[in-house]
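Written out below as structure tokens is the structure these notes cover.
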Amino acid sequence: MALEECLFKKRVLKEENLYKAAAAFFGLPFINLKGYAIPPNLLQIIPEQIAIAHQTVPYDYDKETERLKIATLNPEDIQTLEFIEKKTGLAIDLALTDPIGLQDVLKQYRQSLEIELAQYQEPKQAKEEELAQQASVVRIVEALLEHAILQGASDIHIEPHEKDIIVRFRVDGILREAMTLPRNTAPAISARIKILSGLKLDEHRLPQDGRFKVQIPQYHYSVRVSVFPMFDGEKIVMRLLQEDIKVLNLGELGFQPQQQEIIMRAIKKPQGLILVTGPTGSGKTTTLYTGLSLLNRPSVNISTIEDPIEYRIPGVNQSQVNPKIGFTFAIGLRSLLRQDPNIIMVGEIRDSETADIAINAALTGHIVLATLHTNDALTAIPRLTDLGAPSFLIAQTLSLITAQRLVRRICDNCKETYVLGREMAKELEAQFNMPEILDTLVSQGKIKDGRVALEKIRFSKGRGCSLCGGEGYKGRVGVHEVMTISPELSKLIYSKSPLSEMRAVAKKQGFVTLVEDAFIKAIEGLTTIAEILRATKE
């Protein structure tokens, strides 16, 4: 916990007093912006994305001296202040504020947008293309994208209802209502997004898929668009994919050191099938890209077949399927094998033909990385069997299986520790095999004694603060299970042994399950018990 947070919690110091003292230190006035109403035209002097990213807002303008008064949390951010001066052409009077007051002003950006929306008038007998080109509609769509990107959303849901439109953002895996739009804006918003995505404006009965690019300061995004006809209009979902994102390493993805060693041994083999499993939205593709980045070097030919290409990786030959013209995973994969690849990535094994080609590619000297929709690592084996793959080929080619989920990460700024208490301990004992989990925590060095009472173990949670919007969480981290296919496991796969036998052998070899890895991360203070229950029981 940060020192100032500790002082606030213990009521030794008020937040406002700390920032007043800081203002005196910097020789600046202090301005309390809580409840401070700022005209919309003044807010627009500093774009919302700049205000949020740099915690700097305008709060007044002196007409006589033509000086702009701005408040900030970081008076040492000289670069941003110079940018504002250059952009506005105005001299600046700087003041320091506190986080609570700043958040009050940032909320007014959204309120000003909602006022603009409420005043929107749909032109009579206007064509859809004309609706989409209106300045107010362009602004509405731009604002939706900016809000979502700056809040770290992965998806935007625009949902038409009888009397209004509900906009929801998915942030850290959770859908939250972002704003409500007037019902009469639906045709114009839909038309605008269709134009950006290259979709048919006059098609309202069938689903459509498209994509476009968007840029805001410091960020480049590819936006995947899905338009689906509903009873009250067209529902639109936009997936936001950051194009210039940095590929994370295995540790940053949440893999434990022991799991990282297993993965590194598997990808150093000259051939074999490596599977990443999990439900939609569990970060499988990100893990695959990390694997590719570890394998990427000038001496090898890496080719991918994806749907869609989510991130560009320099040095990797990436292709995207297009079922409309018959370019499927199976056809693309078969053609890739004639491109002399060393390493192949298959975005998803969906059918028997793709499974067959992928397994045979691994058999004939290629490293093949692919995703598969299963709940855990072990069930990837019967899934391949269901797709028609012979057990002897699975046993011969399968090198590694990982499974994963994403859980919300506790906000570091407001993290605090606590003990469960007997009531919560009983609930966990009813839901999980706690003796086995405690044994794993001991073997992984996270607790000293597996016989310790569960209610005495210290866990962490976020209290909620201005940095995490009161949620107690900021960002996400993966929980994983990593299963190497040892000779013993290969024999069991070959003989079509029950999964229970395979699991018992894997556990003897040190296999850590998803739930156990989640508890390890809870002990480490990365996530909460509530997130474990949500991610593993939903």
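The values are calculated or read from the model by the stated rules, or taken from the named source; none is laboratory data. Everything quoted here is computed from the prediction, not taken from an experiment. Quick reminder, even Gly has a Cβ in these numbers, built from the backbone with ideal geometry, and neighbours come from all protein chains shown. Each accessible area value is taken on the protein alone, full model and side chains, heavy atoms only, with ligands, DNA and RNA left out. Shrake-Rupley method; radii C 1.70, N 1.55, O 1.52, S 1.80 Å.
Taking the stretch 72-103 only, how many residues are free of Cβ contacts under 8 Å to residues at least 60 places away in the same chain and under 25 Å from Ala148 (Cβ atoms)?
8
State all residues of the stretch 134-177 that are without any contact (Cβ under 8 Å) to a residue 40 or more places away in the chain, among the acidic types (Asp, Glu) and out of contact with any strand residue (DSSP E or B) (no Cβ under 6 Å at 6 or more places or on another chain); if no residue qualifies, say none.
Of everything in the stretch 134-177, just one residue is without any contact (Cβ under 8 Å) to a residue 40 or more places away in the chain, among the acidic types (Asp, Glu) and out of contact with any strand residue (DSSP E or B) (no Cβ under 6 Å at 6 or more places or on another chain), namely Glu142.
I need a count of the residues in the stretch 57-76 that are touching a helix residue (DSSP H, G or I) at 6+ places or on another chain (Cβ under 9 Å) and surrounded by 12 or more Cβ atoms within 10 Å (Cβ to Cβ).
Of the residues in the stretch 57-76, 12 are touching a helix residue (DSSP H, G or I) at 6+ places or on another chain (Cβ under 9 Å) and surrounded by 12 or more Cβ atoms within 10 Å (Cβ to Cβ).
Among the candidates Leu206, Leu199, single out the residue that is open to solvent by 40 Å² or more (accessible area, probe 1.4 Å), at pLDDT 90 or above and not polar (S, T, N, Q).
Matching residue, one of Leu206, Leu199: Leu206.
Can we say Ile38 is among the β-branched types (Val, Ile, Thr), touching a residue at least 60 places away in the same chain (Cβ under 8 Å) and part of a loop (DSSP other than H, G, I, E, B)?
Against the criterion (among the β-branched types (Val, Ile, Thr), touching a residue at least 60 places away in the same chain (Cβ under 8 Å) and part of a loop (DSSP other than H, G, I, E, B)), Ile38 qualifies.
Would you check if Thr440 is hydroxyl-bearing (Ser, Thr, Tyr), touching a residue at least 60 places away in the same chain (Cβ under 8 Å) and touching a Leu at 6+ places or on another chain (Cβ under 8 Å)? Give the steps one after another, and end with the answer.
Numbers: hydroxyl-bearing (Ser, Thr, Tyr): yes; touching a residue at least 60 places away in the same chain (Cβ under 8 Å): yes; touching a Leu at 6+ places or on another chain (Cβ under 8 Å): no.
When the stated conditions are applied, Thr440 does not pass them.
Just a yes or no: is a residue in the stretch 8-15 at pLDDT 65 or above and either buried (at least 16 other Cβ atoms within 10 Å of the Cβ) or out of contact with any His (no Cβ under 8 Å at 6 or more places or on another chain) (or both)?
Checked the stretch 8-15: at least one residue is at pLDDT 65 or above and either buried (at least 16 other Cβ atoms within 10 Å of the Cβ) or out of contact with any His (no Cβ under 8 Å at 6 or more places or on another chain) (or both).
Kindly indicate whether Ser190 is part of a helix (DSSP H, G or I), polar (S, T, N, Q), touching a strand residue (DSSP E or B) at 6+ places or on another chain (Cβ under 8 Å) and at pLDDT 90 or above.
In short, yes.
For the stretch 349-424, which fully contained strands (runs of 3 or more DSSP E) count at least 3 residues that are small (Gly, Ala, Ser)?
Answer list for the stretch 349-424: none.
Failed condition for Ile331, given (1) among the β-branched types (Val, Ile, Thr); (2) closer than 25 Å to Phe255 by Cα; (3) part of a helix (DSSP H, G or I), with all others met?
Of (1) among the β-branched types (Val, Ile, Thr); (2) closer than 25 Å to Phe255 by Cα; (3) part of a helix (DSSP H, G or I), only one is false for Ile331: (2).
Open to solvent by 20 Å² or more (accessible area, probe 1.4 Å) and assigned to a loop (DSSP other than H, G, I, E, B): does that describe Pro229?
No; evaluated as a whole, the condition is false for this residue.
Quickly run through the stretch 490-538 and pick out the residues that are among the small types (Gly, Ala, Ser) and either in contact with a strand residue (DSSP E or B) (Cβ under 6 Å, 6 or more places away or on another chain) or farther than 23 Å from Glu261 by Cβ (or both).
Once the filter is applied, which keeps residues that are among the small types (Gly, Ala, Ser) and either in contact with a strand residue (DSSP E or B) (Cβ under 6 Å, 6 or more places away or on another chain) or farther than 23 Å from Glu261 by Cβ (or both), the stretch 490-538 yields Ser495, Ser497, Ser500, Ala506, Ala518, Ala522, Gly525, Ala530, Ala535.
Within the bounds of the stretch 524-537, is there any residue that is at pLDDT below 95, over 27 Å from the mean Cα position of the chain (by Cα) and not hydrophobic (A, V, I, L, M, F, W, C)?
So far as the stretch 524-537 goes, no, none of its residues is at pLDDT below 95, over 27 Å from the mean Cα position of the chain (by Cα) and not hydrophobic (A, V, I, L, M, F, W, C).
I'd like to check which helices (runs of 4 or more DSSP H) are fully inside the stretch 232-312 and have at least 1 residues that are over 19 Å from the mean Cα position of the chain (by Cα) and touching a residue at least 40 places away in the same chain (Cβ under 8 Å).
On the way: elements: 250-253, 257-267, 284-295.
Counting at least 1 such residues, we get 257-267, 284-295.
If Arg451 passes every condition in (1) touching a residue at least 60 places away in the same chain (Cβ under 8 Å); (2) outside any helix (DSSP H, G or I) but one, which one does it miss?
Against the list (1) touching a residue at least 60 places away in the same chain (Cβ under 8 Å); (2) outside any helix (DSSP H, G or I), Arg451 comes up short only on (1).
Take the stretch 338-378 and flag every residue that is open to solvent by 30 Å² or more (accessible area, probe 1.4 Å) and touching a strand residue (DSSP E or B) at 6+ places or on another chain (Cβ under 8 Å).
Gln339, Asn342, Glu348, His373, Asn375, Asp376
Please specify each residue of the stretch 474-511 satisfying the condition of being outside any helix (DSSP H, G or I) and of a type in the set (Asp, Glu).
Glu481
If you go through the stretch 454-481 one residue at a time, how many are open to solvent by less than 60 Å² (accessible area, probe 1.4 Å), within 20 Å of Ile410 (Cα to Cα) and aliphatic (A, V, I, L, M)?
3
Restricting attention to the stretch 416-453, and to residues there that are β-branched (Val, Ile, Thr) and at pLDDT below 90, which single residue is most open to solvent (accessible area, probe 1.4 Å)? Step through it out loud before you land on a result.
Let us first name the residues in the stretch 416-453 that are β-branched (Val, Ile, Thr), namely 417, 419, 437, 440, 442, 447, 452.
Applying the additional criterion that residues be at pLDDT below 90 yields 447, 452.
Values: Ile447: 27, Val452: 55 Å².
Among those that are β-branched (Val, Ile, Thr) and at pLDDT below 90, it is Val452.
Go through (1) modelled with pLDDT of 95 or more; (2) under 26 Å from Gln258 (Cβ atoms); (3) open to solvent by 10 Å² or more (accessible area, probe 1.4 Å) and name the single condition Thr385 misses.
Among (1) modelled with pLDDT of 95 or more; (2) under 26 Å from Gln258 (Cβ atoms); (3) open to solvent by 10 Å² or more (accessible area, probe 1.4 Å), Thr385 violates only (2).
With the requirement that a residue be part of a helix (DSSP H, G or I) and open to solvent by 50 Å² or more (accessible area, probe 1.4 Å), what does the stretch 141-164 give you?
So the first thing to find is which residues in the stretch 141-164 are part of a helix (DSSP H, G or I), and the list is 141-150.
Passing the criteria: only Glu142.
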